[in-house]
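What follows is a set of notes on a single structure, which appears directly below.
The values are calculated or read from the model by the stated rules, or taken from the named source; none is laboratory data. The shown structure was predicted, so the numbers you read here are calculated from the model rather than taken from an experiment. So basically every Cβ, Gly included, is an ideal-geometry build from the backbone, and we count neighbours across all protein chains shown. The area values use the complete protein model at the heavy-atom level, side chains included, leaving out ligands, DNA and RNA. Shrake-Rupley method; radii C 1.70, N 1.55, O 1.52, S 1.80 Å.
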Amino acid sequence: MIELIAISLENEMDLVLAHKRTMKVAEKLGLTVATQTTFSTAVSEIARTVIEHTDNGNLVIGLEQAKQRYGLKAVFTFESEVRFTNADEGYYYAQKLVPEFDMRESDGVTVIDMKIGLPRSLLLDRVKINVLQDYFSKAEPLNAYEDIKKRNVSLNRIAEEKEEELRQSRIIDEKKTEFMSVASHEIKTPITIIKAYSQMAKGRKDECSDHVKGILDKIDLQSTKLLTLVQQLLDVSKIENGNLVYTIERVDFNAFVSSMVNLMKNIMPHHELTLDLKGDGMVELDTLRMEQVFSNLLGNAAKYSEKNTNISVHTERCDDDHLKVTISDQGIGMSGDSIKSIFNKFYRADDVLRTHSGLGMGLYVSSKIITDHGGRIWVDSEIGTGSTFSFMLPVSKKNR
Ligand code: ADP
């Protein structure tokens, strides 16, 4: 069937619409006023009966070609437990009005078809039908009710399209995460082997010239950087999959922070690291994951500041329940916009894109680790004056 109009049948207002729209179709086809009225009355009668019993009916008016002749057809579909019988006045009456009438039911959906043949003298052809379809698709709403109804339909369609887009992008996202996970696993193994061999070679000090030792140091350093990046990629995919797991132990907070800073001092020889420990307490944490957080925050503090500048680490007890760490540098700082996005996945400030290498994963992973520990992380910064990253962790309950 070539559809001209479609109306959902939900309430009495739709009955008026069904009648008026059917009249208009019959009129535009050039049918006599008597035929217009007969067909529209039959449609209205069934529409009324459908609305009486259900609120999920649909009416489609269109044209159907059988052999060389077109017919004007109305098709009602609705889900209903109710059986229509001749006892329904409207149903009985409509059958009398149109020459072709049929009702069938399958899978809980009832379909009522009614049709009148159109005279050949109307000279209907595909071009005329296209014009009619165009007319009804652009027709102004008959009243405020139809206007709202149309808007609702288009809003629903947009909502459905958006939902589908969202579903598709979720699928792509899942595939990307899976790819990241597989790729980083595959890359990690050969890098680990390269690193192990460079360390073995470095161990054979006597057999190496200073030049070769220098080369081995560079291989070792670069493979460590690569391993960190691959580990971050793996962590991001673990976060996406909800697979980041923690091995929690109870530790003395200040002792732990102190050990972290001492460890990092060896890795960051070009910066002055100062430590100020206050208000100690016990915390419950995954030491390896928390080491990752310190390595990221201190590594960034060094990366985004000049050599030989100071990086200070400070701890304090904020309240009875939390311990706080602040890491301050005297580096490039960041804008207000960056501050808002800094913990987002893959975010990198515009001004570091060309000057500093990185993938924008470290802070995303670190913030996830902190929040998973029941804590909170934030940054205070100004361009040109440096940044202060702070995070708070809950004090171990067993301690209080
Ligand atoms: P990466 O350093 O690999 O880009 P991160 O997630 O660790 O990824 O950091 C995200 C971004 O935050 C960086 O690209 C940089 O723009 C900004 N940033 C992080 N730490 C600092 C800092 N200490 N000073 C200035 N900008 C920083």
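The orientation-averaged projected area of the convex hull spanned by the Cα atoms of the stretch 160-248 comes to 8.4 nm². Taking 0.36 nm per residue of sequence separation and removing the Cα-Cα distance, the SER341/GLU89 pair yields an extension gain of 84.1 nm.
In this structure, the amide hydrogen of ILE383, modeled 1.01 Å from its nitrogen in the peptide plane, lies closer than 5 angstrom to those of MET334, counting only residues at least 5 positions away or on a different chain.
Placing LYS20, LYS303, LYS324 in order of accessible area, with the largest value first and a 1.4 Å probe, yields LYS20, LYS303, LYS324.
Placing unit charges on the Cβ atoms of the charged side chains and taking the dipole of the chain about its Cα centre, the candidate lying farthest along the positive direction among TYR197, MET1, ILE327 is TYR197.
Across the protein chains, with a 1.4 Å probe defining accessible surface, the residues SER80, SER121 rank SER121, SER80 from largest area downward. Only alpha carbons enter this Debye calculation for the stretch 49-169, each as an equal point scatterer, and the log10 of I(q)/I(0) it gives at q = 0.14 Å⁻¹ is -0.89.
Were the residues from ALA159 through SER106 laid out at 0.36 nm apart, the gain over their Cα-Cα distance would be 16.1 nm. Counting only protein heavy atoms and a probe of 1.4 Å, the accessible surface of the stretch 176-332 is 56% carbon and sulfur. What aspartates and glutamates could a cross-link reach from LYS398, if we take a straight Cα to Cα line under 20 Å and drop same-chain neighbours fewer than 8 places away? Within the straight-line cut-off, LYS398 pairs with GLU249, ASP252, ASP280, GLU284, ASP286, GLU316, ASP319, ASP320, ASP321, ASP372. Note on THR385 and LYS398: their simple-model spin labels are 4.3 nm apart, each label 7 Å out from Cα toward Cβ. When nucleic acids and ligands are ignored and a 1.4 Å probe is applied, GLU10 ends up with an accessible area of around 90 Å². With a 1.4 Å probe rolled over the protein heavy atoms of all chains, the accessible area of HIS19, HIS211, HIS271 falls in the order HIS211, HIS19, HIS271, largest first.
Length available on full extension from LYS188 to LYS205: 0.36 nm per residue minus the Cα-Cα distance, which gives 3.4 nm.
Put a plus charge on the Cβ of each Lys and Arg, a minus charge on the Cβ of each Asp and Glu, and nothing anywhere else: the dipole of the stretch 283-357 about its Cα centre is then about 420 debye.
Under 16 Å from a point placed 7 Å out from the Cα of LEU353 along the Cα-to-Cβ direction: which residues of the stretch 261-305 have their backbone N that close? It comes to no residues whatsoever. Mean-square fluctuations from a GNM of the chain, with a 10 angstrom spring cutoff on Cα atoms, peak among ILE311, ILE369, ILE61 at ILE61. Simple point charges give the picture: +1 on the Cβ of Lys and Arg, -1 on the Cβ of Asp and Glu, and for the chain a dipole about the Cα centre of about 1020 debye. Per residue, the accessible area of the chain comes to 57 Å², computed with a 1.4 Å probe over protein heavy atoms only. How high is the FRET efficiency from THR274 to TYR197, r the C-beta distance, R0 41 Å, rounded to 0.05? Between THR274 and TYR197 the formula returns 0.65. Put simply, the C-alpha atoms of the chain give a gyration tensor, and the ellipsoid matching it has half-axes of 76, 25, 20 Å, longest first.
Net charge of the neighbourhood of GLN68, taken over other residues with C-beta under 12 Å away and scored Lys/Arg +1, Asp/Glu -1, is +2.
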